[in-house]
Every structure is written in C-alpha cells, then in structure tokens.
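Here the structure is laid out as structure tokens; the discussion comes afterwards.
The values are calculated or read from the model by the stated rules, or taken from the named source; none is laboratory data. For clarity, every value in this text was computed on a predicted model and none was experimentally measured. For neighbour counting, all protein chains shown are included, and Cβ atoms are generated from backbone atoms with ideal geometry for every residue, glycine included. Only protein heavy atoms, including side chains, enter the accessible area calculation; ligands, DNA and RNA are left aside. Shrake-Rupley method; radii C 1.70, N 1.55, O 1.52, S 1.80 Å.
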Amino acid sequence: MTDDIKFGTDGWRGIIGEDFIFANVRRVAEAMARYIQAKHQAGQALILGYDARFLSPESARIAATVAAAHEISAILADHMTPTPAVSYSVVERKAAGGIMITASHNPCHWNGIKFKAAYGGSAAPAIVKEIEEQLANNGGTPGKAAHRSSVVTADLVTPYLNRIAGMVNLDLIRASGLGFVIDPMYGAARGLIARLFDEHRIPFCEIHAEHNPLFPGLNPEPIEPHVEDLRKAVTAGDYAAGFATDGDADRVGAMDRSGLFIDSHKIFCILLRHLAEDLRQRGEVVRTFSTTTLVDKIARKHNLPLHVTPIGFKYVCELMLTRDVLIGGEESGGIGIKGHLPERDGILNSLLLAEVMAEKGKTLGELVEELHREYGPHFYGRVDLEIDRPAIERTLSLVRENKIGNVAGRAVKSVDNLDGYKMIFGDSVWLLARASGTENMLRLYAEAPSPEEVKALLDEMTAIAQEPPSHSWY
C-alpha cells in the first residue's frame, strides 16, 4: 500500500520482503517518473544506480524500465555505484535527476530509494512533496510497456573517480610514504579508493571488500562499534590511518594509527581548517544543529560566515545551492565540499583526510590534539532511546518549558529550539533532545570538554526520559 511508503530526506526505505518489494519499487519509480515528466524538459535523462544490497540491481532495472515506459531516457549503472557517483553523473550529463537504490547505513534487511535532483544533491522539501503527491495518486497513469533495450547501461564510476582524483593531490600523498586501511563496509565504495591508491602507488590494505549483502558482523555505518575491524587492521599493520565509508559511500569515519576513532565532528573540523589554512580557500560554513560548536570557533577565527541549519543534509544542500559555501556538514558523517557537488561524499572526504596528513606531516590524532590546544577540548556523544511516545512528549515538554534546571551538576542557561530542544550550559557545553519523525525514538546529543562530562549529561538525561520524575528538576 502506498499509505505505508513514507519519504525521508532523499526518498524511502523499507524492510526487504515486507515494505521493500518490487510492487512498491514500481510505485515509487512511477511517482518519480511522473514528477520528472511534469517538471523537466523532454529528452532529459534519468540516472539510476544501486548499492550492494539484496535486490538492489533488480530494483534499479525495474525503476529504469518504468522511466523508459514514460519515454524518459534511462541510464542505468553497469555496476554497483556510490550515491555521490550517481549525483555527479546527474550533473555531468545534465540529467533531470537520479534514482539510487540503497538503504544507506541501515542494517542488511533494509533497502530503499533515494532521489537526487537535477543539481546533484538531496531533493529539496518542495521536490519531495511533489513526488509524494504523485505517489498518493498511485504515481499517475502508468506508462507504456518499455522494451529492455530502451534502457542504456553506462559506467558511472570512472568519470566520478576522475573527477575527485582531480580535487586531491594524490602525488603528495604518495610522496609522503603513508599507508592506509580502507573499509568500504561491504558497500558500494568497495574497490574504488583502492583503485585510485593502486593507480598512484599509495600503500593500502582494503577490508570488507567482498560482495556480501549480509554485511556480516556489522552495520554499514562508519561509527563505533562498527569500526572495530578497521581499528584492528590499522594498529596491527602499522598503517597511518584508516577510512570507512557507509553502505552507499556518502558518509565517512576515520581511525588514527593509535586506534583512536575520529568521529565526523573532528573530520569536519580537520577539513575546514585544511581548506581555510592550507589551501587558502574562502567561503561560508554550514553545520547542522547537532554538530560540534568547534566548527563555529574555527569559522570565526578565519572570518568565514557561519550558518546553523536544522538536522538533515537537505538543509545544508539548500544553502550550497544559493550561497558560496566552502564546506557544509552534519553530525552523521555527511560533508560537502566547495567545487564538487551539493552532496555528501565519503570517498572524497577520505582522500582529503589523507591529503591533510601528507601536507601537515601529522597523524589524525595529532591534528585533533592541535584543535584541542587552540580551541579547547570538545567531546561528543549520542544516545538513541526507544521509549513510548508519551514519554518522549513528556521529556520534550520538560526541556521546552525550561523545567529542568540542571543536568549532571550544570545549570541550564538557555534553551534553543531550532530543531528539537537544546539546553545550553555554557561555552561549547550543551545537550539536545529531539524526537524521531518516524519511530518511537528520542535522540539525545551532548557536547562537553571531556568524555566523562558527556557521559554524565547523557546518563542523567536518559534517566529523566525513561522514568517519570519523582521530584522537581528545577
């Protein structure tokens, strides 16, 4: 039933065999095809890619034949392809849009469909609304049957790799003598960074590179605890660093040679500093509401205008389309860079991290230590609580109405409600409570000068959320 198909930032996700079935793939593809017919010039193509999950190639072929039935030129990837490669192909070929079959970082029993707009980035809310309206009408009138030969296959990966290779100094990385571990997490990036490193004679080791849609032993999300194998490979092999990308390769995580995990906040800050200081680039900086305030301090030092958006890369993308944005990023590992696409790109960001290390002659851990010495220590944590809706609403109400006077010994100075409710305790110390839009999930985010303080904030707020308060929180 179309009533069960709910769109997020880029499209729709469902459980394979329950929600994600071929009939629903056709319905969603039909709605997207009707949107393209209504909004774009005749003759513009639709790009279609797919990741390593169960039913992804078959679903991409179904979506391509639906597009062809609506007399839309369908260009289908000839191999599994990262999401940013699909987005780049949309721009390179001046296509009407792109469809990517993926469930991104979700566990193996999920799959989904992302829609990429003609500008090569996440669909703006207005575009999503129009596709949803087409879906509510069952996608509109079905197109005529399309012959399989009306779908053209193409290599979307090579042009994309050539593009990002031109944005990074791979010769400098080779000259540094540094070696790296690459972890595509069984996803669509497998073999791709390896291909560039091999071509430029950069030492590397790749793990989780075989095709296994079960993602055995991990979720394809480049955060702890899913990066434990990456940690072991980096430290055992005495490599300089490790880079992990998620299932469709638009997110990034990193590992220092010491085994220290470098989260997306630190990656954002390292790249911002590299662009502003080493490469002398200018532009505006965009971060989402749940991202570290260390970004603000670096932007302020370099006199770069800063924008803070609601959570979701679609908001970052909107500013990248209308303003001169140098870098934009989000808490979950998605970072977009000036001169590329209004899009997250885990592969490009992995290469840029290697470039920073080669340029500075320092490890990722040392680069983080430099940031802490200059701007003060910043540590971050997040907890996702599965609790019932009344408990979620009660907790949000407590924060919204400023009925929680302190958490973990810190007094609440103010509450910011840009997206959820963020309690501000002082300089770079905050705790954000935010409800999931689709699940009975309360997300808690916190930043403080030490890991212990972050844990204390999250633990106490978790206790408040899970049990009705037995005393006043004033």
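Below is a table of values for the structure above.
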read-out	value
Share of alpha-carbon pairs per 10 Å distance bin for the range 199-344, given as whole %	11, 37, 32, 18, 2
Rg(Cα) / (2.2 N^0.38 Å) computed for the range 315-455, rounded to two decimals	1.25
Residue pairs, from the table LYS297/LYS360; LYS301/LYS403; LYS301/LYS362; LYS114/LYS232; LYS266/LYS338; LYS266/LYS360, whose Cα atoms sit over 24 Å apart	LYS301/LYS403; LYS114/LYS232
Kirkwood Rh, angstrom, the range 298-348 [1 / mean 1/r, Cα pairs]	11.3 Å
Low-density loop positions, GluC sites (Glu not before Pro), the range 286-343 - DSSP coil, at most 14 other Cβ in 10 Å	none
Relative contact order, percent, the range 307-444 [alpha-carbon distance under 8 Å, six or more residues apart]	16 percent
Coil-residue GluC sites (Glu not before Pro) of the range 367-428, DSSP, other Cβ within 10 Å capped at 11	GLU401
Inter-part distance where the range 399-441 and the range 309-346 are each reduced to a Cα centre, Å	25 Å
Radius of gyration and maximum dimension Dmax of the chain, Cα, Å	22.3, 70
Residue-averaged 222 nm ellipticity for the chain, from DSSP H runs of 4+ at -39500 (n - 2.57), nearest 500	-11000 deg cm²/dmol
DSSP bridge pairs, the range 285-339: antiparallel proportion in percent, nearest 5	30 percent
Full-extension gain in nm, VAL152 to ASN417, via 0.36 nm per residue minus C-alpha separation	90.6 nm
Antiparallel %, DSSP beta bridges [both residues in the chain], to 5	60 percent
At most 14 other Cβ within 10 Å, DSSP loop - trypsin sites (Lys or Arg not before Pro), the range 203-270	none
Cβ-based charge dipole, the range 322-423, positive-most Cα from ILE335, SER397, PRO377	SER397
DSSP beta bridges in the range 77-207 [antiparallel fraction, %, rounded to 5]	55 percent
Cβ-placed point charges (K, R +1; D, E -1), dipole of the range 354-464 about Cα centre in debye, nearest 20	400 debye
Heavy atoms of VAL91: accessible area, 1.4 Å probe, square angstrom to 10	60 Å²
